[in-house]
Structure formats: C-alpha cells, structure tokens
Amino acid sequence: MKTALIALLLITGTAMAGTVYKWTDPATGKTVFSDNPPPPNVKAQETKLRASVIETGGPSYEMREAMKNAPVTLYTSECGEICNEAKKLLSSRSVPYTLKNPATQPAFLDELRKLANGDAPIPVLVVGSQVLKGFQQGPWNSALDSAGYPKGTEPSRPKTEKTAGAPATNPAATGKPPAKQEKKY
C-alpha cells in the first residue's frame, strides 16, 4: 500500500510538474512523500519535477533523425518534366526538402555551381553531403534510403530557407502549384 501511494504521488507530481518533498515523520518514523511542504520543524528533501511530455503527430523518430543527419535540398527550376519528376519522387516518399531555384536567386546559382564543380545542371539533389546531378530515380532513392528516410509513410512538411531575401519552399508539400518563373541562366 505504501509503495502504491508513493508511486501515485510521484506520478501525480510528474504529470502536474512541481516539487515533491520527502521527509521522515518524527512521530511515526515513516518516510513521507508529499507535494505539500513538511511541518516547519522537520527537515525535508526537495525534488523539482518537470512535466512529462509525450510527442504525438509530427515526423517519426526515423524521419527526424534522417532530417537532422542528412537534410535534403533540391536545386531546380521550371525545367519541365524532369524537374516535375524530381519533385514528385520526393513528395511520394514524403521527404521534407528545401527547394532552391537558381533561376530566381543568384546566390542559389552560385551555391549550385560550387556543388557541381562549376557546372549548373538542373535538377540537383543534395542529401546530407551527397550531391546527385540530374534526375535518376534509382540513385536518388538509394541516397534517400542510405540517409535513413522512410519510404513515403508520413506527410511531407515544407522547409523554408531565407537566402538572398526570398524564401524557398517545397510547393509539393504545401499543395500549392509553384509560381511560374522565367529561366535566366
């Protein structure tokens, strides 16, 4: 009974977050656990507790780890079917990615040229430190697999990056069609 009471007090204290006091009752010699302070003449041990948090929704642990260890960036523009297929692959696997359009942002074009050794091919996929030039479904899937991304089991979430003054987002994940943009390179 005493153990059950202690467990109940600890669970209740944890759920509500606060302080639990532990002391020995001078009259009975028994150990007391309470969320109320002890009598003034009794020395108590205080334990500060934090609220328990159970995460629900959002990306799975597997997805969060992949996103942390190997973030995905897609360099693309309105280059037609091949760019659409690249976006469609990432969306079908529910991979959150940062979309960078070098046709609209000079800084993105410079980044792309550095990644591709002076070349500026479209599309380019970056998974962690791995750079894949041109869309090829097999190698792209392999790179995502090796980075630990699940195969399309959760909703895609867009990521926004502000560079050179304008945000780039994953339009496939937002459900909005990408804005028409002019090729300038």
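Packing-based ranking of 122-129, 60-67 yields 122-129, 60-67, ordered from highest to lowest mean Cβ neighbour count within 10 Å. Here's how it looks for T19: its modeled amide H is under 5 Å from those of L49, which are all 5 or more places away or on a different chain. Spread over its residues, the convex hull of the C-alpha atoms of segment 59-158 is 88 Å³ per residue.
Across segment 33-48, coupling constants 3J(HN,Hα) worked out from phi with the 6.51/-1.76/1.60 Karplus curve, θ = phi - 60°, read 10, 7, 8, 9, x, x, x, x, 8, 10, 8, 10, 9, 9, 10, 7 Hz, and Gly and Pro carry x. The string of couplings for segment 141-150 from the Karplus curve (6.51, -1.76, 1.60, θ = phi - 60°) is 4, 4, 5, 5, 4, 5, 7, x, 6, x Hz, one whole number per residue in order, with x for Gly and Pro.
Can you send over the carbon and sulfur percentage of the accessible area for segment 64-133, probe radius 1.4 Å, protein chains only? Carbon and sulfur: 49 percent of the exposed surface of segment 64-133. Near the amide H of Y97, within less than 5 Å, lie the amide hydrogens of K159, all on another chain or at least 5 residues away, with H placed in the peptide plane. For segment 79-86, backbone phi angles converted through the Karplus equation (6.51, -1.76, 1.60; θ = phi - 60°) give residue-by-residue couplings of 9, x, 4, 5, 5, 5, 5, 4 Hz, Gly and Pro being listed as x. Summarising the amide proton neighbourhood of V32: residues at separation of 5 or more, or on other chains, whose placed amide H is nearer than 5 Å comprise W23, T24, D25. For the peptides 102-109, 36-43, residues were scored by their other Cβ atoms within 10 Å and the scores averaged per peptide; the highest-first order is 102-109, 36-43.
Expressed as a fraction of 2.2 N^0.38 Å, the value expected for a compact globular protein of N residues, the C-alpha radius of gyration of segment 62-119 is 1.22. Summing charges over all other residues whose Cβ lies under 14 Å from the Cβ of V131, with Lys and Arg as +1 and Asp and Glu as -1, gives +2.
The values are calculated or read from the model by the stated rules, or taken from the named source; none is laboratory data. Keep in mind the model is a prediction, meaning the values are calculated, not measured. Positions of Cβ are generated from backbone atoms using ideal geometry, with glycine treated the same way; all protein chains shown enter the neighbour counts. Side chains are part of the model used for accessible areas, which takes the heavy atoms of the whole protein and leaves out ligands, DNA and RNA. Shrake-Rupley method; radii C 1.70, N 1.55, O 1.52, S 1.80 Å.
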